[in-house]
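As structure tokens, the structure follows; a few thoughts come after it.
The values are calculated or read from the model by the stated rules, or taken from the named source; none is laboratory data. Owing to the predicted nature of the structure, the values given are computational and were not obtained by experimental measurement. Cβ: placed from backbone, ideal geometry, glycine included. Neighbour counts: every protein chain shown. Ligands, DNA and RNA are stripped out before the accessible areas are found, and what is left, the full protein with its side chains, is counted by its heavy atoms. Shrake-Rupley method; radii C 1.70, N 1.55, O 1.52, S 1.80 Å.
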Amino acid sequence: MGQTTRDLRRHNRTSVLTRLYLHGPASRFDLMRATGLSSATVSNVVTDLVADGLVAEAGLLDSDGGRPRTLLEVRPGYARVVGVDIGETHVQVGLFDWTLETVATATFPMDEGSPEPAVLAALVTAGIEEVTAEAGADPGELLGVGVGVPGAVLPGGLVHAPTLGWSGVPFGGLLAPHVAAPLHLDNCARTLGQAEMWRGAGRGAERAIVALLAVGVGAAVATGSPGGVTSTTSEWGHTVVEAGGAACRCGSRGCLEAYVGADAILEHYAGASGGARPGPSGTEQRVAALMAEAGRPGPAAETVRRTAEYLGIGIANLVNLLSPDRVILSGWVSAAMGPAMLPAVRDAMRRHTLNYLADATAVEIGRLGQEAVALGAATLPVHELLTAGGR
């Protein structure tokens, strides 16, 4: 079938709205140049988007010798969206406006091990109720609820998440009866990659690799384009960095995750310090305590050095394979350890990467803060709205 008038209108609305959403305020003339649409088409689309409440005027821009141009921008108040981070150590629920500014968050620590899916679904429901009540929002009027999980999501909301001990868990089905807004599930590394490209350290990159470091280790390859971002995931944590090396929970040996995952880091520290475990309890708290000790010589500093070396090797493998222009370290382990070990990670990456590729690749820490993964999940309903032209 050929393209209908409705398809063409949706395409035009998507082009204009996505340009404003991803790149900020612009005049009608800017939009015409960026989208390739005619002046009349841009004017008609803008009129419709303003009438629908998606776009508003944002002041005037002086022009050389001519009349000032009216700037346009997306309206943050148009809608609110919830993003959910199903982690291995916590469940975090964030309420955002649709431009992804944080409105409210709720975080629930999780018992380590294999959590019951029904228990996590109840935490998600409680979190949505808490953040919407705090902001005085109606859960039924949300743009949508995006959920990021540390594993693969199959049709029907079935989740395979080895780090949670899940195989074919119908998590979408457990959530759907308790969520009034449209529900979206996806792999958390992929959604995080999209968020870093939209609002974080990946902005402006042609191809970025976003590494999610937590108990598990994953990566997304995000490719920027004028129309948006394409993000795909990889099982980077289960690529082998040492033949016959440390045992990994996937059943193999020498996987990257067995060296740079949070549990592996703490296990190495315990061995290096004669069985001592930093911090009171909880994986995140122990990693934080380890980093508090790492500023002086000893087992903690050696553990950070070793982690940086293996992480640099893992990044080098990605760079040699995919030649990105940017590698972004995200996730809570990156936030806790990244600033201290970044120089060593960059050094290890350069030593194991072809020179011309290393020269063209920047390695940076993610910029999305503690809500990074939840914010990534929130991009799911926003992406659907943009793709539909705001309808």
Name, by its number, the condition in (1) farther than 16 Å from D97 by Cα; (2) acidic (D, E); (3) without any contact (Cβ under 8 Å) to a residue 40 or more places away in the chain that does not hold for E134. (1)
What strands (runs of 3 or more DSSP E), lying completely within the range 89-149, carry at least 3 residues that are over 18 Å from L175 (Cβ atoms)? 102-109
Test N44 against the stated conditions and say whether it is open to solvent by 30 Å² or more (accessible area, probe 1.4 Å) and among the polar types (S, T, N, Q). yes
Output the residues belonging to the range 13-23 that are open to solvent by 20 Å² or more (accessible area, probe 1.4 Å) and not charged (D, E, K, R). T14, S15, H23
Could you tell me which of the residues V55, V82, V74, V50 is under 30 Å from T132 (Cα atoms) and open to solvent by 30 Å² or more (accessible area, probe 1.4 Å)? V50
Go through the residues of the range 381-388 one by one and say whether even a single one is under 24 Å from L256 (Cα atoms) and modelled with pLDDT under 95. no
Residue pairs qualifying under the 6 Å Cβ cut-off, at least six apart or on distinct chains, with the first in the range 343-359 being within 18 Å of A211 (Cα to Cα) and the second being of a type in the set (K, R), are A358/R350
Condition met for R28 (open to solvent by 60 Å² or more (accessible area, probe 1.4 Å) and under 32 Å from the mean Cα position of the chain (by Cα)): yes
Matching residues, the range 246-283, being closer than 19 Å to P109 by Cβ, at pLDDT 90 or above and of a type in the set (D, E, K, R): D263
Leading residue by the ranking (farthest from E141 (Cα to Cα)) among those in the range 381-390 that are of a type outside the set (G, A, S) and in contact with a Leu (Cβ under 8 Å, 6 or more places away or on another chain): L386
Residues of the range 38-60 that turn out to be hydrophobic (A, V, I, L, M, F, W, C), more than 31 Å from the chain's Cα centre (by Cα) and modelled with pLDDT under 95, as a count: 1
